[in-house]
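The values are calculated or read from the model by the stated rules, or taken from the named source; none is laboratory data. These numbers were taken from a predicted model, which means no experiment stands behind them. Glycine also receives a Cβ, built like all others from the backbone with ideal geometry; neighbour counts cover every protein chain displayed.
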């Protein structure tokens, strides 16, 4: 299988910075996505990494190290509305573009 | 901008009944994916279609079938429903032709299926 591991839950304070880690099996790796999902709603796209390094997009940044099978999502200037699940999803090689999702990290932002 | 449309949004069925879920992808998207998300779980890939042909198959039970039609909309047919089929079913679409860098999948709002 392609185990994708994330912490189950995290708590952070409004205005702070939080880093959510994701590790995955490297064989056949073909890109990594981060999605945000509020309870009962559809996942919404946050970022994509296929090459090593940092991708910055406003308050959100995502980092990838392909050799280590590791990514993180960095959220800055946390807002209460950032309370949600954050899903790491990996696309593996071949003709398919299906995503294998991690277990998701439930982030609670406190005042 | 147009998004992925799914219908119905909510569906209640009894055990052993059948259900049909519909998905209308974003215009000009050629690929449709179906995912199942149980309570407190991550989305699990079921099946995908590219240009009306099945392109990949995941953990889809034999009781389920799906197809993509000429207008690119897709239907997921579920028969002999079981209690464990209760879940959120997401459809996603992407454009896998051309030069898009990463073929981002756009998710629909989901259909919440409850089997009693």
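List of remarks:
- Taking strands (runs of 3 or more DSSP E) as the structural unit, those lying wholly within the range B:1-44 and holding at least 3 residues that are farther than 13 Å from residue B:114 by Cα and in contact with a strand residue (DSSP E or B) (Cβ under 8 Å, 6 or more places away or on another chain) correspond to B:5-7, B:19-24, B:31-37.
- With respect to the conditions (1) under 14 Å from the mean Cα position of the chain (by Cα); (2) modelled with pLDDT of 95 or more; (3) surrounded by fewer than 13 Cβ atoms within 10 Å (Cβ to Cβ), residue B:14 falls short on a single one, namely (1).
- Any hit, the range B:61-69, residues being closer than 23 Å to residue A:101 by Cα, more than 11 Å from chain A (Cβ to nearest Cβ), surrounded by 15 or more Cβ atoms within 10 Å (Cβ to Cβ) and in contact with a helix residue (DSSP H, G or I) (Cβ under 8 Å, 6 or more places away or on another chain): no
- Candidate set from the range B:43-60 (those that are surrounded by 21 or more Cβ atoms within 10 Å (Cβ to Cβ) and either touching a helix residue (DSSP H, G or I) at 6+ places or on another chain (Cβ under 6 Å) or within 8 Å of chain A (Cβ to nearest Cβ) (or both)); member that is farthest from residue A:100 (Cα to Cα): B:48
- Residue match in the range B:85-96 (condition: more than 14 Å from chain A (Cβ to nearest Cβ), over 16 Å from the mean Cα position of the chain (by Cα), over 21 Å from residue B:2 (Cα atoms) and at pLDDT 95 or above): no
- Condition broken by residue A:67, with the remaining ones in (1) in a loop (DSSP other than H, G, I, E, B); (2) in contact with a strand residue (DSSP E or B) (Cβ under 6 Å, 6 or more places away or on another chain); (3) modelled with pLDDT under 95; (4) more than 11 Å from chain B (Cβ to nearest Cβ) satisfied: (2)
- Residue match in the range A:95-109 (condition: assigned to a strand (DSSP E or B), within 29 Å of residue B:46 (Cβ to Cβ) and in contact with a helix residue (DSSP H, G or I) (Cβ under 7 Å, 6 or more places away or on another chain)): yes
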